[in-house]
Every structure is written in C-alpha cells, then in structure tokens.
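A.B. asks: What follows is a structure written as structure tokens; I'll ask about it next.
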Amino acid sequence: MRVGTLARDLVAEVIDDYFPDRSSLVRNALTSALTDTELLVQRGAMELIINHFKLDEGYARALWWDVVSHSHALSRSLSQLIDRLYRQEEWISLASAALLLITRREISLNRRLYAWFLGADESNREWFVQHGKAVVIGALRLLFAERERARYEREPPPMPPSPSPSPACTDRYTLESSTVQDATLPLRVVMALLNKAELGGEVIEPILVNIFQCFHATTKDQYPYSREVKHTILSLFEMLEPRIIWNSMAELFMEQLPKNEPMEALVLISDVIDLLPLDSVQTQQVHLPDLLCGLSNGAVVCISHSLRERERENGSEQTSE
C-alpha cells in the first residue's frame with residue numbers, strides 16, 4: 001500500500017514539474033540512437049525498445065511498472081495517468097525512425113524490428129492488426145510527408161546562376177546534398193516491408209495513395225531524381241497484385257467525393273494509369289472496365305448530391321421569399 005501511495009504521489013506531483021517534456025526527450029534520445037551510424041548502438045536501441053516500449057502495453061506503463069508492481073493498490077486514476085504519458089504522435093515518430101533500419105538489410109536489426117512490430121509470435125497477424133498496424137501506417141505516412149517537405153525545403157527560389165554552390169548550404173535537405181537514396185527512401189522502406197508478408201500485406205493498401213502522390217510529384221518540372229523515383233515505384237508495383245493497385249484507384253476517387261476533391265483524385269489516377277502497363281488481357285478485360293465502372297458510379301453519386309444540394313438551396317430561397 002505504501003509503495004502505491006509513493007508512486008501515485010511521485011507521478012502526480014513530481015513528474016510534471018521536473019520532466020514536463022519527458023515524452024519528447026525520450027523519443028528524441030531513442031531516435032538519435034536509432035539513426036546512429038554504429039550498428040551496435042542501433043541494436044542496443046532496438047533491444048531497449050523491445051523490452052520497455054511494447055506496443056501492446058504502452059511506453060509509460062512499461063517504464064513505471066517496476067515502481068508499482070509490488071503493490072496491488074494501483075488506483076484507476078494512476079493507471080489512466082500513466083497511459084497518457086506517451087501520446088500516439090511519439091509512437092509514430094519513434095516507429096518512423098525504427099523503420100529506416102530496414103534499409104540497412106542487416107539481419108539482426110530486421111529481427112528486432114519484426115519482434116517489436118509483431119510481438120512474440122511473428123506469425124500472429126491479429127496481434128499486429130490490433131497493436132502495431134496503426135503505428136506502422138502512421139510512421140510510413142510520416143516518412144512520405146517528411147520526404148515531400150524536404151523536397152520543398154531544398155528547392156531554392158529562382159536565382160542567377162552561380163559558379164559554385166554556397167559553402168553555407170550544409171543542411172541535409174538542400175539540393176546540393178540530396179541523393180537518390182533520400183528521394184527513394186520511403187519507397188524502399190515499403191518494398192522491404194513487403195518482403196515480410198505479416199507486415200507488408202497489412203499496410204500496403206492504406207498507404208497506396210501516398211505512393212500515388214509520390215509519383216505525381218515526380219511529374220512536375222525540375223523534380224530531382226524523377227527517373228529514379230519512377231523506376232523504384234515500378235519495381236514496387238511489380239511486387240503487388242494488380243488487383244490491389246486498380247482497386248485502390250477506385251477507392252481513392254470515392255473517398256475524395258465527400259471532400260469535394262474528385263479532380264485531384266482523377267489527376268492521381270491518370271498519372272498512375274500512364275505508369276502501368278495496359279497491354280495484358282486481364283488489365284483490358286477486368287481492371288480497366290472495373291475502374292471505369294467505379295468512376296462512373298462515383299460521378300453519378302457526385303452529380304446526384306449536387307442536384308440535391310441545388311434543390312435544397314432553391315427551396316430555401318423560395319421559402320424566404
């Protein structure tokens with residue numbers, strides 16, 4: 001009872017005062033270790049994450065459990081407070097740093113990464129769907145968003161040509177220091193996850209729209225490494241069943257209808273169709289007709305909605321008159 005009281009007082013009265021940024025501090029420390037160039041440091045960071053940051057328990061519960069495990073009087077309020085010590089944003093940020101390890105193609109790192117995402121039983125998809133899927137999807141989307149933001153940051157405004165780049169441009173996201181590896185990084189992470197069916201098979205469909213947007217960005221003028229990005233996306237698509245890609249395009253259009261942004265979806269779909277091979281019998285007789293049918297149904301829904309809105313507006317005007 002005494003241990004429970006001390007832990008409750010410690011969490012409620014001391015932690016907020018002395019460690020107001022505890023979540024971000026821990027996240028930044030782990031991220032720094034995961035991005036270290038030394039393999040042993042990365043292994044140690046993954047071991048720490050596996051043992052104390054389990055996805056099915058929560059960071060704070062695992063961190064503080066040794067303090068309160070000797071007491072059976074852990075109150076509901078203390079339990080709820082512990083669960084709030086680490087937000088979902090921190091989980092996603094930490095997972096995005098961990099996902100980058102997979103590009104090193106190091107067996108020991110991959111084994112630890114899979115153990116964290118999949119739990120003790122790596123073949124248990126239900127565990128991953130319940131505890132890890134949302135974190136991995138969020139982490140992948142964060143990688144794509146950071147890549148796009150980095151592209152804008154490294155695109156300088158129009159300036160007169162200079163004989164040599166400025167030595168002050170040392171940021172890793174500047175145009176001078178960008179590399180093909182940086183441009184294709186999220187795509188290579190996805191391809192590596194596809195080699196692990198328990199992971200890739202569960203997360204690929206929700207992030208296909210991010211891949212479509214990634215390719216659409218390469219169609220813009222002066223996009224760095226557009227050829228390499230296009231080649232990587234083609235290699236990724238070859239790892240997928242065509243049905244998944246074509247169904248995702250139709251779903252994308254339907255999802256954008258309530259947001260009144262169908263044209264943006266159509267632009268993405270047009271770019272992807274230009275990228276895909278269209279000469280197979282299955283594509284011509286199954287996938288293209290199904291996509292056109294889905295787009296037509298979506299257009300009918302959009303037109304019907306617009307007509308109802310117009311009728312409602314006309315009815316309101318007549319009533320006011």
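A short reminder: the numbers here are calculations on the coordinates, not readings from a lab. This one's a predicted model, so the numbers in the text were calculated from it and none came from an experiment. All Cβ positions, glycine included, derive from the backbone under ideal geometry; neighbour counts span all protein chains shown.
A.B. asks: Tell me the relative contact order for the stretch 241-315 as a rounded percent, counting alpha carbon contacts under 8 Å between residues six or more apart.
C.D. replies: Relative contact order, the stretch 241-315: 41 percent.
A.B. asks: If R₀ is 41 angstrom, what is the calculated FRET efficiency for the pair Glu106 and His216, using the beta carbon separation as r and rounding to 0.05?
C.D. replies: 0.80
A.B. asks: Got a sec? How would Met239, Met249, Met254 order by Cβ neighbour count within 10 Å, fewest to most?
C.D. replies: Ranked by crowding around the Cβ, least crowded first: Met239, Met254, Met249.
A.B. asks: Find out how many positive minus negative residues lie around Arg112, taking Lys and Arg as positive, Asp and Glu as negative, among other residues whose Cβ is under 10 Å from that of Arg112.
C.D. replies: 0
A.B. asks: Summing Lys, Arg as +1 and Asp, Glu as -1, what charge do residues with Cβ under 13 Å from the Cβ of Glu126 carry, Glu126 excluded?
C.D. replies: That works out to -3.
A.B. asks: Can you put Cys302, Cys293 in order, fewest other beta carbons within 10 Å first?
C.D. replies: Neighbour counts put them in this order, fewest first: Cys293, Cys302.
A.B. asks: A follow-up question, please. Label-point separation (nm) for Ser123 and Arg188, each offset 7 Å from Cα along Cα-to-Cβ?
C.D. replies: Label at Ser123, label at Arg188, 3.2 nm between them.
A.B. asks: Tell me, what HN-Hα J-couplings in whole Hz come from the Karplus equation 6.51 cos²θ - 1.76 cosθ + 1.60 at θ = phi - 60° for each residue of the stretch 42-54, using x for Gly and Pro?
C.D. replies: Coupling constants for the stretch 42-54: 5, 4, x, 5, 5, 4, 4, 5, 4, 7, 10, 10, 6 Hz.
A.B. asks: If I stretch the segment between Ser280 and Arg227 completely, what's the gain in nm (0.36 nm per residue apart, minus their alpha carbon distance), one decimal?
C.D. replies: The Ser280-Arg227 span can extend by a further 16.7 nm.
A.B. asks: Near Glu228, within a Cβ-to-Cβ distance under 12 Å, what is the net charge of the other residues, with Lys and Arg +1 and Asp and Glu -1?
C.D. replies: +2
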